[in-house]
Amino acid sequence: MDMLLQDPVVQHRNRIALDWDNAWRLDTGGTDHLDREVIDVSVRFAVRIPVRPVRLIAEGCALSRAEVQRLLAEGKLVSAVRLGGKLSGDFTFTLKR
């Protein structure tokens with residue numbers, strides 16, 4: 001049933017909007033390692049929940065969204081996937097300080 005509710009066609013036809021606010025978090029294991037020069041992070045989803053990677057990275061790494069955007073623009077935050085929109089699949093990113 002959960003997968004059916006996540007189907008965009010079913011959502012549109014039945015005028016369903018799922019609220020994912022506060023349904024996820026990025027557990028970084030504390031902030032001790034966040035001062036390293038290079039951090040490689042893998043993000044895995046148990047369920048396909050649409051998130052904005054910029055928001056997830058900002059919250060998980062104790063940064064502002066503006067700071068994450070700046071790191072993206074400077075090439076210090078890199079990923080094989082586009083981090084600017086929404087994602088609901090596994091991805092990795094590297095943060096360079």
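Quick note: the coordinates plus some simple rules give every number you see, no bench work behind them. The structure presented is a predicted model; accordingly, all values stated were derived computationally and were not measured. Cβ sites come from the backbone with ideal geometry, for glycine too, and all protein chains shown count toward neighbours.
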Given 68-78, 47-57, the highest-first ranking by average Cβ count within 10 Å works out to 47-57, 68-78
So S42 and R70, fully extended at 0.36 nm per residue minus their Cα-Cα distance, gain in nm 8.0 nm
Taking a ≥ b ≥ c as the square roots of the eigenvalues of the Cα gyration tensor, with a/c under 1.5 meaning rounded and otherwise prolate when a/b exceeds b/c and oblate if not, the range 38-97 is prolate
